[in-house]
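Data block below; observations after.
The values are calculated or read from the model by the stated rules, or taken from the named source; none is laboratory data. Predicted model, so just to flag it, every value in this text is computed and none were measured. We place every Cβ from the backbone using ideal geometry, glycine too, and count neighbours over all the protein chains shown. The accessibility values were calculated without ligands, DNA or RNA, using every heavy atom of the protein model including side chains. Shrake-Rupley method; radii C 1.70, N 1.55, O 1.52, S 1.80 Å.
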Amino acid sequence: MITPLASIIGSGFLVLGPILQVRYGWLAPAVMAVLCLTAWAFGSAIRFNIARIETETTPPRRIRGLETLSSVALGLAYVISVAYYLNLFGAFAVSLTPWDNGATAKIATTAVFIIIGAAGLSGGFKRLEKMEYASVSLKLAIIAGLLFGLAVYFVSETSKGTLYILPPDLGPVEALRLGFGLIVTVQGFETARYMSRDYDAATRIRAMKWAQWLSAAIYMVYILLLAYVFPPGEMKLTETAIIEMMRVVAPILPVMLVAAALAAQFSAAVADTGGAGGLAAELSHNRLRPALAYIILVGLGIALTWTTDLFAIISYASRAFAAYYAIQSGLAALRATGGRRLRYCGLAALGAAIAIFGISAEG
């Protein structure tokens, strides 16, 4: 359960709160609930595929073709998500320094891209993965501290009668499209789909369910505590807005959040870089070695870093993962019958709509 949970409760946790609070106002908890329910629905399609794959000795050609297309979409999502993780890493790395500006953050991001790429080329990836495992525990512990601090602050503000009901600053269409662009912040449950070497289908299905239940509970508590305690106009929507929000909650929280952000982004970037390398080798039948895939990923990631902003990258990543979920839902529809088939067809259409129409928080 920890593997998909750590992937879901990652970098999205740190940017999602300010985005929902600033753009959706008092509706932020409802939007969070919709995001979690949407992720659960896509997860149900992937769980169905997990259960059926082990019963398929020789899948039909169209199933094999869609599985390959699904892997290609996931590989593309990995590339964009690594750029997302490391751009957030760069923003948080300089956030408490005198050099807190966009250019310095991009330089920091580029440096970490080069470090990760060099580790992959030199065979040092295993050492980075060991650091990844330790960072997961740190990240979850700091998030627990954040929730505790927010709970105390929420109770204090409630007792003073100083809660705020902020209006949304988006129209219905823009609100829907921004929601589409935030799917990546609750993504990560699909990692259980690719753990078949270590766990049987029943265990992976159960792990995904527990990870999604627990992450949804954490996200809902977080948004409920955050959405109503900050006055209108006080927050500017930036990559590191959560740091400014937490300064008024407890002086230690900004430092803790920077540590959590660096741990979360580093671990997620290492995991997805490794996943992209392995996926590239598998899809090319080992004609494209993981080392070459690392070089391509690093090159594309650095290009994204210097040509766009973090909120746009979040939107791109959401759309890439939505395409993957659409294909997985299509696979589930081909394998299912009756009402279940109709439901998965609807999910495939929803995933396609998200991939086409999602926009960024600044869009």
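With every protein chain in place and a 1.4 angstrom probe, the accessible-area ranking of Y153, Y194, largest first, reads Y194, Y153. Residues M32, M220 ordered from highest to lowest accessible area at a 1.4 Å probe: M220, M32.
Accessible surface for E174 stands near 90 Å², nearest 10, in the context of the full protein assembly shown (1.4 Å probe). Relative to the longest principal axis of the Cα atoms of the chain, helix 338-357 runs at roughly 60 degrees.
Out of the trypsin sites (Lys or Arg not before Pro) in region 192-282, which ones are loop residues according to DSSP with at most 11 other C-beta atoms within 10 Å?
On the way: sites: R193, R197, R204, R206, K209, K236, R247; in loops: R197, K236.
Loop-located and lightly packed - R197, K236.
Ligands, DNA and RNA left out, the 1.4 Å accessible surface of the chain is 67% carbon and sulfur atoms. Over every Cα atom in region 232-363, the radius of gyration and the widest Cα-Cα span, Dmax, amount to 19.4, 56 Å.
How many Å² of accessible area per residue for region 17-108, probe 1.4 Å? Provide the component values of the computation, followed by the final result.
Details: 3770 Å² over 92 residues.
It amounts to 41 Å² per residue over region 17-108.
Axis angle, to the nearest 10 degrees, between helix 201-226 and the longest C-alpha principal axis of the chain: 20 degrees.
Under Stokes-Einstein, with the Kirkwood radius over Cα pairs as Rh, the value for the chain at 10 °C and 1.306 mPa s is 76 µm²/s. Only DSSP H runs of four or more residues enter the estimate; each adds -39500 (n - 2.57), and after division by the residues of the chain the mean residue ellipticity at 222 nm equals -26000 deg cm²/dmol. The heavy atoms of C36 offer some 20 square angstrom of accessible surface to a 1.4 angstrom probe.
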